[in-house]
Every structure is written in structure tokens, then in C-alpha cells.
1. Return yes when Asn503 is over 20 Å from Ala610 (Cα atoms), open to solvent by 30 Å² or more (accessible area, probe 1.4 Å) and not in a strand (DSSP E or B) and no when it is not.
2. Suppose the filter is loosely packed, with under 14 Cβ neighbours inside 10 Å and among the basic types (Lys, Arg); does Lys472 pass it?
3. Tell me, which strands (runs of 3 or more DSSP E) lie completely within segment 442-498 with 3 or more residues that are over 30 Å from Ala638 (Cα atoms)?
4. Looking at segment 477-490, I want the residues that are closer than 17 Å to Val531 by Cβ and at pLDDT below 80 and have a partner that is open to solvent by 30 Å² or more (accessible area, probe 1.4 Å) and charged (D, E, K, R) with Cβ atoms under 9 Å, at least 6 apart or on another chain. Which pairs are those?
5. Considering only segment 187-252, give the strands (runs of 3 or more DSSP E) lying wholly within it that have at least 2 residues that are surrounded by fewer than 20 Cβ atoms within 10 Å (Cβ to Cβ) and small (Gly, Ala, Ser).
6. Specify which of the listed residues (Phe208, Phe140) is more than 21 Å from Ser273 (Cβ to Cβ) and of a type in the set (Phe, Trp, Tyr).
7. So how many residues does segment 232-260 have that are among the β-branched types (Val, Ile, Thr) and either closer than 30 Å to Thr345 by Cβ or under 25 Å from the mean Cα position of the chain (by Cα) (or both)?
8. One residue is enough: does segment 545-552 have a residue meeting the conditions closer than 28 Å to Ala433 by Cβ, open to solvent by less than 30 Å² (accessible area, probe 1.4 Å), in contact (Cβ under 8 Å) with a residue 24 or more places away in the chain and part of a strand (DSSP E or B)?
Amino acid sequence: MKPIERLPQIRTLVGNCEVDVGTCPIGSCSIFCPDDGYICPETETRMKDCGVFGSRPYEYVKQCGCCKDNGIVVIGVVKDQVSQQPVDSIFVFLDLNTLITGKDGIFKTTIGSSVRRIVIRTKKQNYLEAVKVVDIPEGFRGPVQIEIFVIMKSDPVKIDSTESTVLSLSSNPLDPKAGSTLVEIQANSFIYSNEKPYQGIVKASITFLDTGNNPDIEVPGLFQTTIGNTVEPLITDGVFSFNFESADGIEIKLSAPVKFTVQAGMKVWKLNSFTGLWELVRPAVKRRKRQVLLEDIINIESDRWYNIDKIPGAPRCYFKGRIFDKMSGTEITSSSTVSFRPEITAYTSAKERLRLYFKYTTKPSTTCYEVRCPLVSNPDNNLSGFINMSSTEVVSIGGTNVPIVTYLTPRELADYDDANIEPKLSDVLYKIAPNNLDIFVNFVSDTEGPFYSNKTICESSSIKQPALHFFKPDLPSYDPVPDDAKICTARIAFRGHNNFYSNISKITNLPNVTGISVWEQDGSKFYYTDVAQMELLTNGNYTFVFICLKYRCSQENELTTVYIVAKEVQVPLTDGEQFIDFRCYGKQNISAELNVRDDKYSTITGSFTAPVNVGTGPDFYNTDVNDCKQETNPAVFAYELYCRMLLVA
């Protein structure tokens, strides 16, 4: 096997006490060695003498090896956009997988580790389809945690199917003056699903997302479209969906096209639920001379998202975000362990939002991002906004890799080193926002940057040429639990079918589960680790498996995240028996999946947020863990995981 090089990584433990903790490159073992899997670190705990701060423990990467690749776990929760409460029994479609949420609104699945983008769709009666696009950085091991908001269909208005009707896309569809877009429905154009004509009162539900007055509202999909091989951004004037029912509540549909009257330059687009991108709706009638409005006569379908959009007419331009290490000041030209991506919020002078999306990169010094730069000769069409940059990587806490997203800090205008850069940034009104994360700029194209008119020139630009500079801080350092930390206990159940209990009862020493609590307190970050062994308990005719896991309780404004880990589960087998797998899926408020294959745990796949207020049981305890172990009630638990263990003779 070809050895995999360990990479140095300097980490600040406390004060100015630094140490090389080490890391491993991103990649597949198929490149470096014949084993099927991904590159992973082998670590040990070491101590560092930090002088007045005392000795500090840290996880040291000894070498890099190969771990079996079981994919990436996706854990999502579906919530109602208005109430913010979880939605149960909603279908979730991810690639070829069909899932359904429980009472906690949570769904889980596993995707291939090479997948860089997923598109998630939902479906439930009375709720409109949600479409969520999620990008995944290279080398990210998961879990991918997603929050999806679903929108309930609007209350219907009543119209007469025998008469032509004009509706507005607004919160008051019956008022033609209420919105900037009008929809004209022809008389006698409604039919049943069997194509039989319907005449009578129609209950028309028009769900309208007013992106004009609320540009930051959550919307389905990405506001992008494809023209040939080119991806174009879109400016939206509102997203909407139609649903029609007969007077007695039977679903009906339109048999004839409808006519849209939109603002100048806008067109009607429909969402492709499988790609998350928008597609231009073609006219239902061929355009004739002098019949300009026929261009906006289109066929529409119920339960589908439409959009009043336009492609911004401004020319393309490109900018580069250079990344520097905050401690040393050296530029990070490329990275084997960190992925970077900008976030942009841009608005036209008419307060129209241009939603821009970018993929992750591990080579920031040669990557340029495409935006739009209106012509300077047209000051009424300027574009300005905020740009920030984030990094995604992992940090080892208590021997477990935990995903960390860090927002980088921009360089002050006066601190740019080269005298040629500051004037160019001043020209675009470069200014750091009060949050010290966003840069405010005007998007103005220039052959010399910082918004380059030519992509090739942008990508090849040197450090002496204008670009946006960001500083990446060290990964956070987590100290062991302080003496005054309040430790609580959660009673967690592992439930399953009969074969789960019969198989797990064969194990002499039941598996251990590790909980790692991480939190921030008074500006410092801490962690606390507890190892709890599963216990098998029979209460009458009822058998269940549980643990009593200690964790640091959340405090007001100091929430604790508890990561769930299972390691090296050894399953003794009888002659002829074969171990297939052992897995548990989180229920209730725990977003977790323990997935054990080949007698060894693969990756961290779950977490939960510790509660602030805990009691004396039988689910949460603020007293000794023995109180939890003595509880025999099989019904009430702080958290539940649904498990299976497969052994084949």
C-alpha cells in the first residue's frame, strides 16, 4: 500500500500556545492505495506544556490511512414556513429514494460520497412542493444537516367558471390593482380529471410569494436557468402556484391557456423540480404580427411553481476572493482539507434581488466567481450588495471529527498591501459591514478589476492585482470541560423489531455509545465526553435497550450540541453466522444515525441540541446517572433511535 502523507496543521490551544496537530488530505483511497474507502486520520491524545496556562491535551494525527467509505448521511427536518413547527407524514424525494418524515419532521438517507449536489423534493396534501438544492464540499464526510420549509396552499377565492376572470398575483387575487401581474382565465375553461367540462363555482387557490416586497423570502429551487451550456441568474418579481377545486371540493384543472400581463422585460417561468432550476414557459399560441400579447398566453398546471422572472441584461464580470491565514498572513492558494465558497446578496437600484449561487472550491487563488456588472453609463441600473466568504472543514474534538463552518473576516481597505489595489477598491465603494463579515461593493466592470470583464484575466491575476481579501482564522480550540459545567443525563432508547432484540442479546458486552458535548462559554470553547454502554432490560413482557448518556446541559444563550458516536462494535458470531450490519435511525428530536458495518463504526453521523431545562426523569435528569439506570418505565425517553441488527446464518 502506498503511504499517505500526513499534512502539518498548526492549531492554537490557548493564548499563544501553538502545536502541530496534523491533518490528512481530502481524497479517495483508490488514488493512494488499493483499499475501497477514503483517507482518514489515525490519532492519539498528546499533552502540550503551555506555560502559565498549564498542560493542554490535544488530538495528534500520527498518520493517514484508509477508512471504509459508507457514503454520507443526509439528515433533514421539514418545517411549516409560518408556524416553524415540524411537519410529519410528508414524502421526501431525494434522487431515487422516497422517504417519509416522522412526528419530529425528520428524514434520513445515505448518498454516495462522490455526490457534490443533491435536489430534495417534498409532497403532502395541502402543502405545496418544496424544492431544496444543497451543495456538498469535496471531502466532506457528513452528516449533511438540512432544514426545509414547506408552504401551505393559500385559502381559496371563489370565481365563476362560466365567466372570464382577471386575478392578480397578490395576497388579494380578486383585486386587479393589488399586484403587478394579472392573470386572465377564459370562460368555460375548467374540466375534471376525466376531461369532462365543469361549470359552476371554482375555488381557486393562488399561493403567491411576494419576492418584490420581501426579497429575502424562502423560495423553492435556485434562481438560475440554463441557456445552452450557460447558467444564467434570474431576477424575480414573484413566485406562485395555482390549485383549483369544484364547489364540492373535487380537483379540477384548466383546459385552455391563460393570459399573463407582466411588467416590461418579465416572462413566465416554471420550476424543474428535478434540477431545481427554472425553465422559460413557451407560448401556447404562435405569435402573429400585431398580436404582441399572445406571447404571454401559456398553459399552466396545478400544483406547480411558476415565476415572473427575467435574465438581468447586465454583462458578466468576475471577481476573485483571496484567502490568507490570519495568524501567519500567508496566502492559502489551495488546500487539501478546506473548501471555500462566497455568499452574495445583491440588489438593483429598483430593489430587485439578484440571487447568486456558487460551488465550493479548494483552489481560491485561481478561482473567479461570475456576477453581473451593469453598464456605468446607465446609473439607474446599478447593482450593489454584500459579499462574504466561508470555509468548511473538520476539527477533531475528543477524538471525533466534527464538521465546522467558519465565516472569514475581510481585510480593511487601508491594509491592502499594494498601492494599486486600494484605489480600485475605493472606486467600487468597498466598505466592511458592521458585522465585520460582509464586504459592501458596487458591481462595476473593469479590465483591471476587482470586477474583471474577462474571466481568463481574472483567473490569472496575481496577488498584486485587485481582488477581495479574506482572513481565515484558526480552527476553534476546544478545552476539556471546566469544573463549573453543569452535567445532565438523557435516557435514550434503542428500539427495533423482535430480531433486533434477539440478535443483540447474543452479544456478551453490548456496544458503547459516546456522546461529545461541545459549547461556547464566555468566549472559550469546551467539550465533554461520556461513554455509555447499552443495557438490555426486560420489564414484564417488554424488552428494550437503552443508555443513560451524560452531557453538558444547555444554558440560556449557551446551547450545547451533543454528537453521537459508536466505535468498534464487536459482534460475536456462531459457526456459519454472518454479520450484515447494525444501524439506528434517530426519532423525536435527535438527528442521528449510527451506522456500523464490518464490525466497525465508519463516521460520525448524528447530533442533538441539549435542552436548557431538565428535570428528575424519566427522560432527562439533572441528578446522578444512577437515577436514570434505575428507571424501568419502557415508554418514556428523552430520545429514541429505531434500530436493526442483521445476522444471517
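The values are calculated or read from the model by the stated rules, or taken from the named source; none is laboratory data. Here the structure is a predicted model, which is why all the values come from computation and not from measurement. Here the Cβ positions follow ideal geometry from the backbone for every residue, glycine too, while neighbour counts run over all protein chains shown. Calculation scope for accessible area: heavy atoms of the full protein, side chains included, ligands and nucleic acids excluded. Shrake-Rupley method; radii C 1.70, N 1.55, O 1.52, S 1.80 Å.
1. no
2. It is false that Lys472 is loosely packed, with under 14 Cβ neighbours inside 10 Å and among the basic types (Lys, Arg).
3. Those strands (runs of 3 or more DSSP E) span 468-472.
4. That search, which allows pairs on different chains as well, returns Pro480/Arg56.
5. none
6. Details: Phe208 fails: more than 21 Å from Ser273 (Cβ to Cβ).
It is Phe140.
7. Qualifying residue count for the region: 3.
8. The answer is no; no qualifying residue exists.
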